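Quick notes on the structure that follows.
The values are calculated or read from the model by the stated rules, or taken from the named source; none is laboratory data. Model, not experiment: these values are computed from the prediction. Cβ sites come from the backbone with ideal geometry, for glycine too, and all protein chains shown count toward neighbours.
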Amino acid sequence: MAKSRPELLRGNAIIGQSGGPTAVINQSLVGVVEGLRGHKAVGKIFGSLHGVRGMVSDQSIELQKVPQARLNRIANTPSSALGSSRDKPDPAYCQRIMAHCAKYDIRYFFYIGGNDSSDTCRIVDELAKQAGHAMRCFHVPKTIDNDLMSNDHTPGYASAAKFVAQAFIGDDLDNRALPGIKINVIMGRHAGFLTAASLLARRRKNDGPHLIYVPEVAFNLEKFLADVERIYTDLGRCVIAVSEGIHHSDGTPMLEKLSAAMDKGGLDKDAHGNVQLSGTGALGDYLAEAIKKSMARHQKKVRIRADTLGYLQRSFAGCTSPVDAKEARASGKAAAKAALAGSLGGSMTIQRVGNSPYKVAYKLVPLTDVAAKTRHMDPKFLVGDNDIAESFRKYLAPLVGDLPEVDSFV
């Protein structure tokens, strides 16, 4: 006997955006709206301002009647059009969320975000079940870190990776013109996917980055200094990509230890307990100073600079990957389609199903498969403790698309 499909709920839907904004998170928002709009089971489609915070403060807007021309403009706009939040609901907060859902007859909850956002979606889903409120919760993937479990890659990553690759193309040319040592610190708390994207800047002999350090490999300062000196001795210059999340062998982020050593009382943490690594240039400055002292011991006077790319990587206008935009929108539509097909909820994922030609599929998995978990780079992409394998280029290139063609006489 065939298994009966769950009853389709009738009522209203609400959508929220959470965590760090990206260049394509609004594509996912519009995808959900387009997927829901006009269906007989869904009345109003609310947009919760600043994530779940809008639900507890009763601040939302109606999206079902927004003209398509404006939706298209929103979709092509970087950052979170509804505003964002990093709030993690405690019991009292959750009760206010459920009161909001009851007040507005919310039967479908869509939350667009990364690891912590998927966990918030899981919490709301479990609370609704405990409260006996019939509601189905869907997590729509987003994160430039590319670290969501069960995904080949995540919306937002490819555009940020394109920014990083292009930044290194330009910075390497700068370094060729005025040789020296240059460090760029890139986002990535636990996973090195975004830092590894700098590999795409290497297209000619001796192109930088010459050294790449990611969180998947323990960082050793003395080895780092020796690596830099070796490259500088060979080439007369050195461009370095460093993840903000590089850590010592005991797992403690180097920046966290550096903060304690500088007697700053430790780094700030968000509501999910994550140390905030991106709000300071301390790591780059520290590494640059260490190189300067190391080179001075060998009577070498070298031009040394460091930049922290920081939040520019997330929502940089004009650097959006077309594939990223397309897949972000499709992820939102797929989540809406799953909801209207009677699914009980889950996390939408992107699965790569082909490389020649490149092709993906969208699959709903249980929230618990993704919530608050971190995917790391496959060891096959790591070369020693300071480089990324060329095979990573094959993985990333279809997502990023075309990069500028450049040339130089030096």
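Go through the stretch 288-323 and count every residue that is at positive phi and not in a helix (DSSP H, G or I).
Summing the residues that are at positive phi and not in a helix (DSSP H, G or I) in the stretch 288-323 gives 2.
Given the criteria without any contact (Cβ under 8 Å) to a residue 60 or more places away in the chain and surrounded by fewer than 22 Cβ atoms within 10 Å (Cβ to Cβ), does Gly354 qualify?
Criteria met by Gly354.
Report yes if Thr154 is surrounded by 24 or more Cβ atoms within 10 Å (Cβ to Cβ), of a type in the set (S, T, N, Q) and farther than 23 Å from Asp285 by Cα, otherwise no.
Judged against the criteria, Thr154 is a match.
In the stretch 60-103, which residues are modelled with pLDDT under 95, assigned to a helix (DSSP H, G or I) and loosely packed, with under 13 Cβ neighbours inside 10 Å?
Selection gives Pro91, Ala92.
Would you check which residues across the stretch 15-59 are among the aliphatic types (A, V, I, L, M), under 24 Å from the mean Cα position of the chain (by Cα) and in a loop (DSSP other than H, G, I, E, B) and list them?
Ala23, Val24, Leu49, Val52
Would it be correct to say that Ile212 is over 20 Å from the mean Cα position of the chain (by Cα) and surrounded by 24 or more Cβ atoms within 10 Å (Cβ to Cβ)?
no
Can Leu8 be described as outside any helix (DSSP H, G or I) and either of a type in the set (A, V, I, L, M) or surrounded by 22 or more Cβ atoms within 10 Å (Cβ to Cβ) (or both)?
Considered against the rule, which asks whether it is outside any helix (DSSP H, G or I) and either of a type in the set (A, V, I, L, M) or surrounded by 22 or more Cβ atoms within 10 Å (Cβ to Cβ) (or both), Leu8 comes out as yes.
Can you work out which of the residues in the stretch 329-351 that are among the hydrophobic types (A, V, I, L, M, F, W, C) and in a loop (DSSP other than H, G, I, E, B) is surrounded by the fewest Cβ atoms within 10 Å (Cβ to Cβ)?
Only one residue fits best here, namely Ala341.
Could you pull out the residue among Ala389, Ala338, Ala325, Ala361 that is among the small types (Gly, Ala, Ser), within 30 Å of Arg37 (Cα to Cα) and free of Cβ contacts under 8 Å to residues at least 24 places away in the same chain?
Just a single option satisfies the conditions, and that option is Ala361.
One line per residue, one yes/no per condition, for (1) farther than 14 Å from Tyr286 by Cβ; (2) surrounded by fewer than 20 Cβ atoms within 10 Å (Cβ to Cβ); (3) β-branched (Val, Ile, Thr); (4) in contact with a His (Cβ under 7 Å, 6 or more places away or on another chain):
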residue: Lys223; (1), (2), (3), (4): yes, yes, no, no
residue: Arg230; (1), (2), (3), (4): yes, yes, no, no
residue: Asp234; (1), (2), (3), (4): yes, yes, no, no
residue: Ile246; (1), (2), (3), (4): no, no, yes, no
residue: Ser249; (1), (2), (3), (4): yes, yes, no, no
residue: Thr252; (1), (2), (3), (4): yes, yes, yes, no
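Could you give every pair whose Cβ atoms fall below 9 Å, whose first residue belongs to the stretch 237-254 and is closer than 18 Å to Ile169 by Cβ and in the same structural domain as Asp172 (by TED's automatic domain parsing), and whose second residue is assigned to a strand (DSSP E or B) and charged (D, E, K, R), counting only separations of at least 6 or pairs across chains?
Arg237/Lys182; Cys238/Lys182; Val239/Lys182; Ile240/Lys182
Out of Lys326, Lys363, I need the residue that is surrounded by fewer than 19 Cβ atoms within 10 Å (Cβ to Cβ), in a helix (DSSP H, G or I) and out of contact with any Lys or Arg (no Cβ under 7 Å at 6 or more places or on another chain). Which one?
Only one candidate passes the filter, namely Lys326.
Among the residues in the stretch 167-178, are any buried (at least 24 other Cβ atoms within 10 Å of the Cβ) and under 23 Å from the mean Cα position of the chain (by Cα)?
yes
Quick one: in the stretch 253-287, which of the residues that are hydroxyl-bearing (Ser, Thr, Tyr) and not in a helix (DSSP H, G or I) is modelled with the highest pLDDT?
Looking at residues that are hydroxyl-bearing (Ser, Thr, Tyr) and not in a helix (DSSP H, G or I), I get Thr280.
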